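Derivation of every value follows stated rules applied to the coordinates shown; laboratory data play no part. Everything numeric in this text was worked out from a predicted model, so none of it was measured.
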Amino acid sequence: MSIESAQSPESPERATGAKPSTQATPTAVGDSRRTFVVLVAITFCLLLACVLGATWVFRTFELESRAKEAVDRARFENRKKLVRLDAAVKAFQTSTGRLPASIDELRGPDAARWFGGEPFDALYVDAWGETFRFERVEGGHRLGTLGRDGAPGGVGLDEDQTYP
C-alpha cells in the first residue's frame, strides 16, 4: 500500500477494490428494534384511547337516552293516573253535587263508585310515591304532582305536572 492510499480518507474496502459490507452493525439492528417496539407501543396506546373514547361516548348517549325514557315513562304513568283521578272527581261531583274537599275524600267505602269498580289504591300516588295534589280552582278543580323533588318548578323528572 502506498503512502497516498494510507492517508486517503477512503475506507480499506475501496482501497483494495472489495465490495462494501451489506451487514448491519449491531447498533443499527438494536436501533431499528427499539424503533419498532416504540411504534408498536404508540399504536397500541392510540387504539386503546380510541376504544375507551368510543365507549365513553356511547355510554354518555345511552345514559341520556335512559334519562329521557325515564322522564317520558314517569310523565305517561302520572298522566294516566291523573286522567283516572279526574274521572273519579267528576263521578264524585255528579253523585254528591259538590267537589271533594280533598283527594282523601275519594277514599273510603264509596271509592269503588268513583273509580268504576277498578283498583284505585295505586291511583292516589304519583310515580315517586307522593299523593297527588288536589285543589279547587275557579270553575272546577286541578289535580297534579310536583315531580320527583316535591318542590314547585323543575326540569325533567322534577317538572310539575297538572291536569286538566
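Our coupling estimate for the stretch 64-77, obtained by passing each phi through the Karplus curve with A = 6.51, B = -1.76, C = 1.60 and θ = phi - 60°, is 4, 5, 5, 5, 5, 4, 5, 5, 4, 5, 5, 5, 5, 5 Hz, Gly and Pro reported as x.
3J(HN,Hα) along the stretch 123-129: 6, 7, 10, 7, 5, 10, x Hz, from the Karplus curve 6.51 cos²θ - 1.76 cosθ + 1.60 with θ = phi - 60°, whole Hz, x for Gly and Pro.
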